[in-house]
Amino acid sequence: MSKAVRVILGLIGGYAAGAAIGLALVSLASSNSHDKSLEAVMTAAFFTGPLGAVAGVLLALAWKGRPPA
């Protein structure tokens, strides 16, 4: 698999994982009773999602695939 494909997959997968973790964390830990769902979505979309995307790209760049045969 080429490096570009790994980076794109890492970007998409990292964003999805980060957003899911952010949603879960805010839903479980927030004491906001007024607009908890909005807080969860905004945190996932604009904070934990992008952090996950960066982590996914870094992991994809560090991943050493199978050596060529």
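Lys64 falls short of the stated requirement of being without any contact (Cβ under 8 Å) to a residue 60 or more places away in the chain and in contact with a helix residue (DSSP H, G or I) (Cβ under 9 Å, 6 or more places away or on another chain). The single residue among Ala45, Ala16, Ala40, Ala4 that is free of Cβ contacts under 8 Å to residues at least 12 places away in the same chain and assigned to a helix (DSSP H, G or I) turns out to be Ala4. Screening the stretch 19-69 for residues that are surrounded by 12 or more Cβ atoms within 10 Å (Cβ to Cβ), closer than 24 Å to Ser2 by Cβ and small (Gly, Ala, Ser) and picking the one that is modelled with the lowest pLDDT gives Ala60. Taking Ala24 as the residue in question, decide whether it is without any contact (Cβ under 8 Å) to a residue 12 or more places away in the chain and over 19 Å from Lys64 (Cα atoms). Criteria met by Ala24.
The values are calculated or read from the model by the stated rules, or taken from the named source; none is laboratory data. For clarity, every value in this text was computed on a predicted model and none was experimentally measured. Ideal geometry is used to build each Cβ from the backbone, glycine not excepted, and the neighbour counts take in all protein chains shown.
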